[in-house]
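Participant: Once you've had a glance at the structure underneath, I'll fire off some questions.
The values are calculated or read from the model by the stated rules, or taken from the named source; none is laboratory data. The shown structure was predicted, so the numbers you read here are calculated from the model rather than taken from an experiment. Here Cβ is always computed from backbone atoms with ideal geometry, including for glycine, and neighbour counts include all displayed protein chains.
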Amino acid sequence: MSRIKTAVAALMFALCGVAHADDTGQEKIQPVMRQAIPEAAGKNVLVATVSYVPGQASEAHMHRGSVFAYVLEGHVVSQLEGSAAKTYEPGESWYEAPGSHHLVSRNPRRQTTCRVI
């Protein structure tokens with residue numbers, strides 16, 4: 001489950017309810033659902049929101065599990081190793097394969113929070 005949690009958290013480059021801007025602080029990860037997948041023995045799913053205050057970024061990290069991300073609000077810049085950085089806006093989504101090295105995950109805006117699920 002921690003592999004999926006790490007993937008979702010990192011991926012879910014987006015936010016929910018942080019009070020002030022802090023470029024160096026931790027993004028806020030709020031689990032929404034955790035469940036075993038009966039049809040896939042030993043596998044679990046974690047659905048979570050990830051929130052970034054204005055200007056905040058995650059440190060580079062690796063996803064050991066699959067990540068499916070969808071931007072709920074704000075904008076998020078994401079970059080995986082071997083690809084260009086891309087800015088996603090509300091309603092856009094992307095996939096990150098297991099083992100992906102997530103180089104960039106940040107809120108490029110200075111006045112609005114971003115939230116991903």
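Participant: When the stretch 47-63 is examined, which residues are found to be at pLDDT 90 or above, of a type outside the set (S, T, N, Q) and either assigned to a strand (DSSP E or B) or surrounded by 15 or more Cβ atoms within 10 Å (Cβ to Cβ) (or both)?
Facilitator: 47, 48, 50, 52, 53, 54, 55, 57, 61, 62
Participant: Restricting attention to the stretch 64-112, which residues are surrounded by 15 or more Cβ atoms within 10 Å (Cβ to Cβ), of a type in the set (A, V, I, L, M, F, W, C) and either over 18 Å from residue 27 (Cα atoms) or without any contact (Cβ under 8 Å) to a residue 24 or more places away in the chain (or both)?
Facilitator: Across the stretch 64-112, the qualifying residues are 80, 94.
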